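The values are calculated or read from the model by the stated rules, or taken from the named source; none is laboratory data. Quick caveat, the model's predicted, so the values are computed rather than measured. Positions of Cβ are backbone-derived with ideal geometry, glycine not excepted, and every protein chain shown enters the neighbour counts. Quick note on the areas: whole protein, heavy atoms, side chains included, nothing else; ligands and nucleic acids left out. Shrake-Rupley method; radii C 1.70, N 1.55, O 1.52, S 1.80 Å.
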Amino acid sequence: MTKILTKHFDEPKLHELETYRRLGGYEALKKALGMERKALQEEVVKSNLRGLGGAGFPVGFKWSTVPPEDKVPGPRYVVVNCDESEPGCFKDRVLVTRAPHQLLEGLLIASYVVGSKDSFIFIRGEYQNQYDILEKAVAEAKAAGLLGDVNIHLMRGAGAYISGLDTALLETMEGKKAWPRQPPPFPTVAGLMGKPTVVNNVETLSMLPFIVREGGEAFAKIGSAKNGGTVLFSISGHVEKEGVYEVPMGTKLRDVLALAGGVKGGKKLKAVIPGGTSMPPLLEKDLDVALDFDAIKAAGTMLGAGGMIVLDETVDAVEVAHNIERFLTHESCGQCTPCREGSNWSERILERMLEGKGEKGDTENLARVGENITGKVICALGDTVGMVTRAWTSKFPDDFKKRVPNNG
Amino acid sequence: MSKVDLKSPFTPEQEKVLLGWTKKYPYTNLGLIEALRSVQDWHRMITPEAASRVADIFSLPFNHVWGVATFFPTFTRWKTGEKRVGVCHGLSCYLKGSDKAEKCLEKTLGVPKKQATPDGKLSWETMECLGACEQAPALLVNDRLVGPATEEAIAKLKDLK
Ligand code: SF4
Ligand code: FES
């Protein structure tokens, strides 16, 4: 299967500059710096590269919304989002650990296109090992004269999941509570310190060297319609071989699961959460769903950040829903009342169900709480609260019925 | 400067580090989270006195800094151990027995969660997804992933220096 990001993962010292360069690393940067910025952006548009941090927004288009320098003079920034923290997602950790220079090369290409002289890598504080790896890689690249006039700053987060959302990430960087901003304006217009800022995920930026080297069309050809290239899935839960797998966009769920050796111990599959716990689960009957941003949406869920969790038949949907709602309650930033209160209510209803104290109407209550949050809050976390309960109650009604005595 | 220094809960070297964070990035306030991370490392918690001095150094209102210090889970109002141990209870880790790991931590370290051992060496707490779901239940020591929270891994924590 075609591999882009993990192609050289068998090389023992890929994280070192010398190895990366021996394999053709930083050639794309050289090529990029010899091209017009506009032409580079065009290549990215042609590539159909989508944001791989979860939102799936077309990257070339996002860049094109940065206002031109003659209209809005002054600095503009590129920020790398290395703050994955949704249960199931760990591909960025693996990418940074194994191929930090691939990310740096991508970041330098993006910085050139956007015109950023100060670029940032925002990395979650719990990735101290990865922070060290990046710090070393930046120093190596700097000593080799590869950074040009770009300063690369590393900055750590402080344990909040919501910091991974682009606008909350910018607030965190600015030394504030990680309260998401209500767009517009979008960060590309007014981002870090009010300046035009492009926030891209680690995986997204790591794709750029390939796109520059081989051309946008070559990248687009690998994937499916409007979803260029490959995508990484981090797979955990009840599978034989947990880990990170790279496949072309549009690969079938069945084939991705096969790469991970299928359900552990030959048990039956109960559900697959495709992109991180806030995404509605897929079932056995969905195994032929193509995994790209558009096809999976048609199947009623989302690709998210590719954090796949596999659940075998022994798992109870109420326990799963409770675990996810507990997470969301903990991580709600508290800014919007419906999210702050509703996540907590959902968790408590599910908790009493688990304790055998479920009351008649609890399943309906969960739905009602969810409805009263959706669309009435600033960011997607709040909407997720209802989406999670709706998905799990509707796909596994029997598990929920069992938890409510005398529910009939 | 000297008048404020007398009241400072920080050593002169620490004051220098904090001042360094105000200068590290293109804007002063971009260093605030990192500065508070330093304080958390030194004091194992953030006290109002410390937040107040950080506020002075960053020329920010105390309320701003205290708001940030109480928002982020990395910053605590309880004193952590020198080694701060975290076990993830996100879904992937839950499926692989994070409950059991929590009980094992409590028993092995002999303290409930969010309380340091009497010698101040260790404390443990549950954490949200650590981005290591393939090593479930993920175990963290001072922001470094150490792999799955097996009984053996937990037993070894006591030997950490
Ligand atoms: S929806 Fe929830 S997490 Fe998002 S801004 Fe509102 S309170 Fe914060
Ligand atoms: S769910 Fe535990 S590390 Fe991700």
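Enter the mean number of other protein chain beta carbons within 10 Å of the beta carbon of each residue in B:69-78, as an integer.
For this peptide, the per-residue mean of nearby foreign Cβ atoms is 4.
Measure nothing but the geometry: give the 0 to 90° angle between the long axis through the Cα atoms of A:380-395 and the longest principal axis through the Cα atoms of chain A, rounded to 10°.
The angle comes out near 50 degrees.
Could you order peptides A:272-279, A:51-58, B:45-52 by the average number of other Cβ atoms within 10 Å of their residues, highest first? Let's see the in-between values first.
Numbers: A:272-279: 26.5, A:51-58: 21.5, B:45-52: 17.6.
Answer by packing, highest mean first, reads A:272-279, A:51-58, B:45-52.
Using alpha-carbon positions, what is the distance between the centroids of region A:143-175 and region A:265-336, in Å?
Between the Cα centres of region A:143-175 and region A:265-336 lies a distance of 29 Å.
Sequence-distant or interchain residues sharing an amide H contact under 5 Å with B:Met127, placed H: which?
B:Val87, B:Cys88, B:His89
For peptide B:136-142, how many partner chain Cβ atoms fall within 10 Å of a residue's Cβ, on average? Present the calculation step by step, with values, prior to reporting the outcome.
Details: counts 5, 0, 3, 0, 2, 1, 2.
Across B:136-142, the average partner-chain Cβ count within 10 Å equals 2.
Using the Cα centre of region A:1-129 as the reference point, and only Cβ charges (+1 on K/R, -1 on D/E), how large is the resulting charge dipole? Debye, rounded to the nearest 20.
That gives region A:1-129 a dipole magnitude of about 260 debye.
May I ask you to order B:101-112, A:72-83 by the average number of other C-beta atoms within 10 Å around their residues, highest value first?
Details: B:101-112: 16.6, A:72-83: 22.3.
Ranked by mean Cβ neighbours within 10 Å, highest first: A:72-83, B:101-112.
So for region B:1-116, taking the charge dipole from beta-carbon charges (+1 Lys/Arg, -1 Asp/Glu), which of B:Tyr94, B:Ile33, B:Phe62 sits furthest toward the positive end?
With unit charges placed on the Cβ atoms, the residue in question is B:Tyr94.
Go through A:Thr363, A:Ser343, A:Ala391 and say which Cα lies farthest out towards the positive end of the charge dipole of region A:326-408; charges sit on Cβ, +1 for Lys and Arg, -1 for Asp and Glu.
Going by the Cα projections, it comes out as A:Thr363.
Please report the orientation-averaged projected area of region A:324-408, defined via the convex hull of its C-alpha atoms, in nm². Walk me through the intermediate numbers first.
Values: hull surface 19.6 nm².
Projected over every direction and averaged, the Cα hull of region A:324-408 covers 4.9 nm².
If you take the Cα atoms of region A:216-288, find Rg, then find the Kirkwood Rh from the mean of 1/r over all pairs, what is Rg/Rh?
Taking Rg over the Kirkwood Rh, I get 1.00.
Taking 1 over the mean of 1/r across every pair of different Cα atoms in the protein assembly as shown, what Kirkwood radius in Å do you get? Walk me through the intermediate numbers first.
Details: mean 1/r = 0.0409 Å⁻¹.
Averaging 1/r across every pair of different Cα atoms and inverting gives 24.4 Å.
Positive end of the dipole of chain A, charges at C-beta (+1 Lys, Arg; -1 Asp, Glu), about the Cα centre: which of A:Thr97, A:Gly304, A:Tyr112 has its Cα farthest in that direction?
A:Tyr112
Which percent of the Cα-Cα distances in region A:1-89 go past 23 Å?
45 percent
At a probe radius of 1.4 Å, figure out the B/A buried accessible area, summed over both chains, and give it in Å² to the nearest 100. Write out the running numbers ahead of the final one.
Numbers: alone 9610 and 17450 Å², together 23110 Å².
Buried: approximately 3900 Å² between A and B.
What is the sum of charges around A:Gly237, taking Lys and Arg as +1, Asp and Glu as -1, for the other residues whose C-beta is under 12 Å from the C-beta of A:Gly237?
+1
Seen from all sides and averaged, what is the projected area of the convex hull of the Cα atoms in chain B, in nm²? Intermediate values should be presented prior to the final figure.
Working: hull surface 41.6 nm².
Its Cα hull, projected and averaged over all orientations, spans 10.4 nm².
Relative contact order of region A:183-305, please, whole-number percent, based on alpha carbon pairs below 8 angstrom and at least 6 residues apart. Mind showing how you got there, number by number?
Details: 173 pairs, mean separation 19.3, N = 123.
Reported as a whole number, the value is 16 percent.
Please identify the cysteines of chain B that lack any partner cysteine with a Cβ under 4.7 Å from their own Cβ.
B:Cys104, B:Cys129, B:Cys133
Please list, by residue number, every one of the GluC sites (Glu not before Pro) in region A:209-248 that is coil in DSSP and has at most 12 other beta-carbon atoms within 10 Å.
Numbers: sites: A:Glu214, A:Glu217, A:Glu240, A:Glu242, A:Glu246; in loops: A:Glu240, A:Glu242.
Answer by residue number: there is no such site.
On the principal axes of its Cα set, how long, how wide and how thick is region B:1-86? Give whole Å, largest value first.
Principal-axis extents of the Cα atoms in region B:1-86, largest first: 36, 27, 22 Å.
Taking the Cβ of A:Lys357 as the centre, find all other residues whose Cβ is under 10 Å away and add up their charges (Lys, Arg: +1; Asp, Glu: -1). Numbers along the way, then the final one.
On the way: positive: A:Arg352, A:Arg403; negative: A:Glu351, A:Glu355, A:Glu359, A:Asp362.
In short, -2.
In degrees between 0 and 90, to the nearest 10, how far off the longest principal axis of chain A does helix A:362-373 point, with axes built from Cα atoms?
40 degrees
Quick one: check the C-alpha center-to-center distance for region B:11-68 versus region B:88-114, whole angstrom.
32 Å
Ranked highest first by the average count of other Cβ atoms within 10 Å around their residues, in what order do A:375-382, A:396-403 fall? Show your work: numbers first, answer last.
Values: A:375-382: 18.9, A:396-403: 16.4.
The peptides rank, most packed first, as A:375-382, A:396-403.
Mind checking B:28-36 for the average number of partner chain beta-carbons within 10 Å of each residue's beta-carbon? All intermediate terms of the calculation are to be shown ahead of the outcome.
On the way: counts 1, 5, 10, 3, 6, 13, 7, 1, 2.
Mean inter-chain Cβ contacts per residue within 10 Å come to 5.
Give me the orientation-averaged projected area of the Cα convex hull of region A:251-408, in nm², one decimal.
Details: hull surface 37.9 nm².
Quarter of the Cα hull surface area: 9.5 nm².
Under unit Cβ charges (Lys, Arg +1; Asp, Glu -1), what dipole magnitude, rounded to 20 debye, does region B:1-159 have relative to its Cα centre?
Values: 22 positive and 19 negative charges, 41 e Å.
It works out to roughly 200 debye.
Taking Cα pairs under 8 Å and at least six residues apart, what relative contact order does chain B come out at, in percent? Walk me through the intermediate numbers first.
Working: 241 pairs, mean separation 28.6, N = 161.
Relative contact order here is 18 percent.
Please give the charge dipole size of the protein assembly as shown, origin at the Cα centre, charges +1 on K and R Cβ atoms and -1 on D and E Cβ atoms. Round to the nearest 20 debye. Intermediate values should be presented prior to the final figure.
On the way: 74 positive and 72 negative charges, 94 e Å.
In total the dipole reaches around 460 debye.
Could you tell me the relative contact order of chain A? Use alpha-carbon pairs under 8 Å, at least six residues apart, and round to a whole percent.
Details: 816 pairs, mean separation 67.5, N = 408.
Computed value for chain A: 17 percent relative contact order.
With a sphere of radius 9 Å drawn around the Cβ of B:Ala136, what net charge do the other residues whose Cβ falls strictly inside it have (Lys, Arg +1; Asp, Glu -1)? Don't skip to the end; give the middle numbers.
Details: positive: B:Lys96; negative: A:Glu242, B:Glu134.
Taking every Cβ under 9 Å from that of B:Ala136, the sum is -1.
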